[in-house]
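Some notes on the structure that comes next.
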There are 2 protein chains.
Amino acid sequence: MQDSTTMSRTDSPNRLIASNRVEGTAVYNRAGEKLGRVEYFMVDKQSGKADYAVMSFGGLFGLGEDHYPLPWDVLDYDADQGGYIVDLDKEKLTGGPRYRANETPEYDRTYGQQVYGYYGIAYPW
Amino acid sequence: MQDSTTMSRTDSPNRLIASNRVEGTAVYNRAGEKLGRVEYFMVDKQSGKADYAVMSFGGLFGLGEDHYPLPWDVLDYDADQGGYIVDLDKEKLTGGPRYRANETPEYDRTYGQQVYGYYGIAYPW
């Protein structure tokens, strides 16, 4: 049974997670199938706001260890599964912007517009 | 010489940092003295917003490796130093809420009010 006091969004100790635990958190699709995991996320140095989650598929789709940046708001946290849900099909994800695991692109406005645009989200910066 | 195009806040590739690079970023005081480093930060799972930076002093003050949660907004990013600046004196910091490095408190509202209150910042959640 849920305790409405402790389970409220604002009061739950579980509202927050350590940054180094987000790294490694599983990503699922709506059907509950594990797609991959969050490798790290890109955060604004000053505001502390995450703009992208960078995920890998762990070779699931035969794609090796490429890293796929997703607009942060594409992810929904699911407390029951203890991971993030991305409501996108495999083809959409695997066709998205990606880079080699040992590289990091310049996360500038041009790249932001490319990534956000691919997922149909206005790039707000 | 700064290039106003690339150095603007919104367009700079350096506006963003990978989460696993925040971990380890140096923290300085206003005088430019290194106080310690960010060990990790506490982030809202859904919104992706950092609420706390958790820093250590690296034994600088003879305090071992305790972890000190700070309201995120206490930190200012300084691009020249490549680290965060905290405009608080040593006594204020070392007298603040802390816990052992191998522990994690429940980051609930009570704890939030304690930490934010200590640093004179309204706890907004």
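Descriptive notes on the structure:
- Bridge type composition, region A:19-118 - antiparallel percent by DSSP, nearest 5: 90
- Distances between equivalent label points of B:ARG100 across the copies, with each point positioned 7 Å along Cα→Cβ, amount to 4.5 nm, shortest listed first.
- The dipole here belongs to region B:71-125: it is taken about the Cα centre, uses +1 on the Cβ of Lys and Arg and -1 on the Cβ of Asp and Glu, and is about 280 debye.
- Calculated label separations, A:GLY32, copies of the chain, 7 Å along the beta-carbon direction, nm: 5.9
- Peptide A:17-30 shows a mean partner chain C-beta count of 4 within 10 Å per residue C-beta.
- Across A:LYS92/B:LYS45; A:LYS45/B:LYS49; B:LYS34/B:LYS90; A:LYS90/B:LYS49; A:LYS45/B:LYS34; A:LYS45/B:LYS45, pairs whose alpha-carbon gap is larger than 22 Å: A:LYS92/B:LYS45; A:LYS90/B:LYS49
- A simple charge model with +1 on the Cβ of Lys and Arg, -1 on the Cβ of Asp and Glu and nothing else charged puts the dipole of region A:19-118 at about 80 debye relative to its Cα centre.
- With q set to 0.14, 0.19 Å⁻¹, the log10 of I(q)/I(0) for region A:19-118, from the Debye formula over equal scatterers at the Cα positions, is -0.49, -0.93.
- Label 7 Å beyond Cα on the Cβ vector: B:TRP125 copy-to-copy distances, nm: 2.2
- In nm, spacing of pseudo-spin labels at A:LYS92 and A:GLN114 (7 Å Cα→C-beta vector): 2.1
- The Cβ shell under 11 Å around B:VAL74 holds other residues with a net charge of -2, Lys and Arg each +1, Asp and Glu each -1.
- Among B:ILE85, A:ILE121, the sequence by solvent-accessible area, most first, with a 1.4 Å probe is A:ILE121, B:ILE85.
- 5 angstrom amide H check on A:GLY36, placed H, neighbours 5+ away: A:VAL27
The values are calculated or read from the model by the stated rules, or taken from the named source; none is laboratory data. Small disclaimer: the values here were computed from a predicted structure and weren't measured. Backbone-built Cβ (ideal geometry, glycine too); neighbour counts: all protein chains shown. All accessible areas refer to the heavy atoms of the entire protein, side chains included, with ligands and DNA or RNA removed. Shrake-Rupley method; radii C 1.70, N 1.55, O 1.52, S 1.80 Å.
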